[in-house]
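Notes follow once the structure below has been shown.
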Amino acid sequence: MIPPRSRRYSGADGAEVELPKGDVTEGVVRVGGTVRRPHQEQSWAVAAYLDHLEAVGFDGSPRFLGLDEQGRDVLTFLDGDVAGDDLPPWALTDALLASVARLVRRLHEASAGYVPVEPFPQQSVAQDEFELVSHLDVTPQNTVVRGGEAVGLVDFDLAGPTTRLIDSFNTAMHWVPLRAPADLRHDLDQLARLRVFADAYGWTAEERAGLAEFGAQRADLSYRRMKLRAETLGGGWERMWREGVGDLIRRRGEWLRANAEGIARALR
Ligand SMILES: Nc1ncnc2c1ncn2[C@@H]1O[C@H](COP(=O)(O)OP(=O)(O)OP(=O)(O)O)[C@@H](O)[C@H]1O
Ligand SMILES: [Mg+2]
């Protein structure tokens with residue numbers, strides 16, 4: 001296979017269709033069976049990781065096809081539904097949640113042993129311990145669903161060295177979701193859903209017992225990272241901070257600590 005840096009894509013796929021906007025990256029469009037994204041600092045590291053996932057037969061991630069004439073990253077478009085910011089009812093089922101956990105588990109199995117051949121940018125504040133490379137941003141808006149099951153992950157912008165527990169906790173945080181009940185936008189049984197996720201992913205007894213405190217510490221860290229990104233990168237990061245994401249994260253940490261016992265019991 002041609003190395004990512006030498007790969008060029010020159011397909012004529014027709015009209016550009018705007019894709020739903022995320023919080024940070026501008027100019028993500030669909031052209032036929034491809035997605036074009038602005039080339040970014042982490043693009044080569046992501047492309048090499050996607051090559052690895054392809055080589056080991058993981059079918060839930062886009063393929064990196066090369067740069068187009070405009071210098072944009074070209075990736076394969078994954079067919080299916082992706083939830084928008086307002087989650088539709090189909091995005092809230094326990095069956096989908098369990099399938100997300102299984103997909104992330106499969107991603108971790110496919111990623112184990114991958115040694116980055118292109119370096120990922122340093123994480124801000126504190127570098128995660130390196131157990132494997134993973135996605136690190138498995139939100140509903142980055143998950144492709146078919147027939148009520150999660151079948152694909154897109155938007156590998158935050159991928160990098162991390163641990164299984166960090167990435168799986170992060171996924172549960174977005175999908176259960178884990179946040180202070182006052183910040184919930186839907187009527188959900190969070191502890192029951194956390195249990196569904198735990199069983200489908202396969203957290204160990206030890207991971208379950210320590211999950212609330214682990215999550216609270218991750219909340220402390222993500223508060224510091226989000227604040228630094230808002231201060232140094234501006235753009236969407238700064239807007240999210242202004243809209244109160246820091247307080248939301250702080251309330252999540254407080255809720256996890258205050259409910260540590262109930263969470264451990266629900267996972268037992
Ligand atoms: N390869 C793909 N296959 C299918 N759909 C995609 C693909 N890439 C992106 N999309 C769709 O486009 C939307 C936006 O793309 P993406 O998540 O890559 O960028 P973003 O969310 O705008 O970026 P960021 O999260 O960095 O702000 C996704 O939520 C998804 O609906
Ligand atoms: Mg996204």
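The numbers here are math on the coordinates, done by the rules we state, and not lab data. Quick caveat: nothing in here was measured; it's all calculated off a predicted structure. Every residue, glycine among them, receives a Cβ derived from its backbone with ideal geometry; neighbour counts consider all protein chains shown.
With each run of n ≥ 4 DSSP H residues scored as -39500 (n - 2.57), what mean residue ellipticity at 222 nm is computed for the chain after dividing by its residue count and rounding to the nearest 500 deg cm²/dmol? Walk me through the intermediate numbers first.
Values: 9 runs with 113 residues, N = 268.
That calculation yields -13000 deg cm²/dmol at 222 nm.
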Next on the checklist: Just to confirm a number: summing +1 for Lys and Arg and -1 for Asp and Glu over residues other than Pro161 whose beta-carbon lies under 13 angstrom from that of Pro161, what do you get?
Outcome noted: -4
Checklist outcome for this item: extent check for the chain: Cα max minus min per principal axis, descending, whole Å, gives 56, 38, 36
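What's the whole-number percent of alpha carbon pairs in the stretch 109-268 lying beyond 21 angstrom? The partial results should precede the final answer.
Numbers: 6248 of 12720 pairs.
I get 49 percent for the Cα pairs in the stretch 109-268 exceeding 21 Å.
Normalised by the number of residues in the chain, what is the relative contact order in percent for Cα pairs under 8 Å and 6+ residues apart? List each step's numbers first, then the result.
Working: 417 pairs, mean separation 44.9, N = 268.
About 17 percent, as a whole number.
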Item to check | Of the DSSP H helices in the chain, those whose Cα atoms cover at least 30 Å axially and whose Kyte score averages 0.5 or more | outcome: none
Checklist entry - Roughly how large, in nm² to one decimal, is the mean projection of the convex hull of the alpha-carbon atoms in the stretch 4-76? => result 5.1
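Rounded if a/c is under 1.5, else prolate if a/b beats b/c, else oblate: with a ≥ b ≥ c from the C-alpha gyration tensor eigenvalues square-rooted, which is the stretch 56-181?
Numbers: a/c = 1.64, a/b = 1.19, b/c = 1.38.
Note, shape of the stretch 56-181 comes out oblate.
Sorted from fewest to most neighbouring beta carbons within 10 Å, what does the list Lys227, Lys21 look like?
On the way: Lys227 17, Lys21 14.
Ordered from fewest to most neighbouring Cβ atoms within 10 Å, Lys227, Lys21 come out as Lys21, Lys227.
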Checklist entry - If you build a Gaussian network model of the chain, linking Cα atoms that sit under 10 Å apart, which residue out of Gly27, Gly66, Gly215 swings the most? => result Gly27
Checklist entry - Extension gain Val29-Arg239, at 0.36 nm per residue separation less the Cα-Cα distance, in nm? => result 73.4 nm
Checklist outcome for this item: The exposure ranking of Leu153, Leu184, Leu19, Leu97, fewest beta-carbon neighbours within 10 Å first, is Leu184, Leu19, Leu97, Leu153
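With the contact rule set at Cα under 8 Å and sequence spacing of 6 or more, what percent relative contact order holds for the stretch 4-76?
Working: 111 pairs, mean separation 25.7, N = 73.
Reported as a whole number, the value is 35 percent.
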Checklist entry - Taking other Cβ within 10 Å of each residue's Cβ, how do Ile2, Ile249, Ile263, Ile166 sort, fewest first? => result Ile2, Ile166, Ile249, Ile263
Checklist entry - How far is the Cα center of the stretch 59-78 from the Cα center of the stretch 87-111, in Å? => result 23
Checklist entry - Mind listing which GluC sites (Glu not before Pro) in the stretch 1-52 are in a DSSP loop and have 15 or fewer other Cβ atoms within 10 Å? => result Glu26, Glu41
Checklist outcome for this item: Counting sequence-distant residues (5 or more places) and residues on other chains, those with an amide H built under 5 Å from that of Leu153 are Ser61, Val144
